[in-house]
Structure formats: C-alpha cells, structure tokens
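Okay, structure first, notes after.
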Amino acid sequence: MVKFVLVILAIAAFSFIKVDGQVSSADNLVGLNGKTAPAFVATSMEETVYDLSKLRNRIVVLNLWAIFCEPCIEEIPHLNSLADKYRDKGVVFLAPTPDKKMALAKFLEENPFKYDVLPESFGILRSYLPKDPENSGMTPFVFPVHVLIDQKGIVVEHFWGYNKTTVSKLDNRIDELLSDKNG
C-alpha cells in the first residue's frame, strides 16, 4: 500500500511538469513504434467494452491521462474537437486513466470528453507509457501521452506531453494515415 501511495504521489508531482516536446518516431523511447500494439480489453465509463483486436481497420488514438494532470485538462477541448472531426472517418479516440470511476464521474461533469474514458486502466498505462532506456527502462511519470495506432494495429507514433503543437501534429498524422488508406 505504501508503494502504491508513493507511486501516485510521484505521478502527481511529475504531472505538473509541462513537456514542450513530443516523443517522435525517431526518438522511440517507448520501443513500441513500428510494432503491433499491445492487446487490451477495457470498459468505459458508459460500460462499453473495447477490445483493441476488434478495432482493426480503424485508427485508434489513445490519450493516456489523469485528473490531476494540468496539461491533460488543458488539452481536453482540443482533443474533443479532433474526436468530433474524425468521428465518421473510422478513427476511435479512447482515454485510459488510472483514476477510479467515482472520482472520474464528478470530474467529467465539469470536463466532458467527447470520446470514451477508460477508468482504472493500469494495464494499458503500463503497456503504453514511454520507457526511458537511460533509466533502466522505467516509465517516466509524465502525462499526457498520445499513442497513434494505425488500421493494421501497428503503433505509429507516441506524442509525449502537451503543448500548442501537439494536437496539430496528431491531426496531421491522422490525416496521413487516412490518406494512405484511401490513396
């Protein structure tokens, strides 16, 4: 229990750091870029079950976040706009978080998402959060992280952190993937 509390405190402390850059494919701190996305099955706040293997032929955007993360909250309206833009184009936005359903319910009343939030998604977070090879492969505790998975189930890119260009870069990459599919 003490370890769990210390991990949560570390996550909270580091989440207030605003990262000005993203992890690009070239940096590949995660080691997943270009590989098959780790499988998961998760249930949303609305009780919708998502099985990643059943989302093939669709682009999936994972927004790894937490309610205590200021940059995560700041980006909600921008990601909502992207989710609206791509809703009818075969793009699925999902928001895995370590937060419990009860805490999320209150938070989401004031900060609504236009895509599904996946509470208590510890397995997804462990699988997809960036690993730092210079730190024994440990996960740096920085949210948000955006993971882009293509129509074949391959991790295309991780965007680590949030700044003014994050959403436009994500938007451009989604457009590229849609163009590749249609072109």
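Coordinate-derived values only; no laboratory data. Just so it is clear, the structure is predicted and the values come from calculations on it, not from any experiment. Positions of Cβ are generated from backbone atoms using ideal geometry, with glycine treated the same way; all protein chains shown enter the neighbour counts.
Some notes on this structure:
- Modelled FRET efficiency - R0 25 Å, Ser168 with Asn111, Cβ distances, 0.05 increments: 0.70
- Here the label points at Arg58 and Asp88, each 7 Å from Cα along the C-beta direction, are separated by 1.7 nm in the simple model.
- Exposure proxy for Thr166, Thr97, Thr36, Thr43: other Cβ atoms within 10 Å of each Cβ, ordered fewest to most, give Thr36, Thr43, Thr166, Thr97.
- Phi-based couplings in Hz for the stretch 143-157 (Karplus 6.51, -1.76, 1.60; Gly and Pro marked x): 10, x, 10, 10, 10, 9, 10, 7, 5, 9, x, 9, 6, 8, 6
- Neighbours of Val41, meaning other residues whose beta-carbon lies under 12 angstrom from its beta-carbon, give a summed charge of 0 when Lys and Arg score +1 and Asp and Glu score -1.
- Rounded to the nearest Hz, the phi-derived 3J(HN,Hα) couplings of the stretch 72-81 under the Karplus curve 6.51 cos²θ - 1.76 cosθ + 1.60 (θ = phi - 60°) are 4, 5, 4, 8, 3, x, 5, 6, 4, 4, where x marks glycine and proline.
- For Ile154, distant residues with modelled amide H under 5 Å away: Ala37
- Exceedance of the 29 Å cut-off in Cα-Cα distance is limited, within the set Lys35/Lys85; Lys54/Lys169; Lys35/Lys169; Lys54/Lys164; Lys54/Lys100; Lys35/Lys101, to Lys54/Lys164; Lys35/Lys101.
- Interchain or long-range residues, amide H under 5 Å from Val92's placed H: Ile59, Val60, Val61
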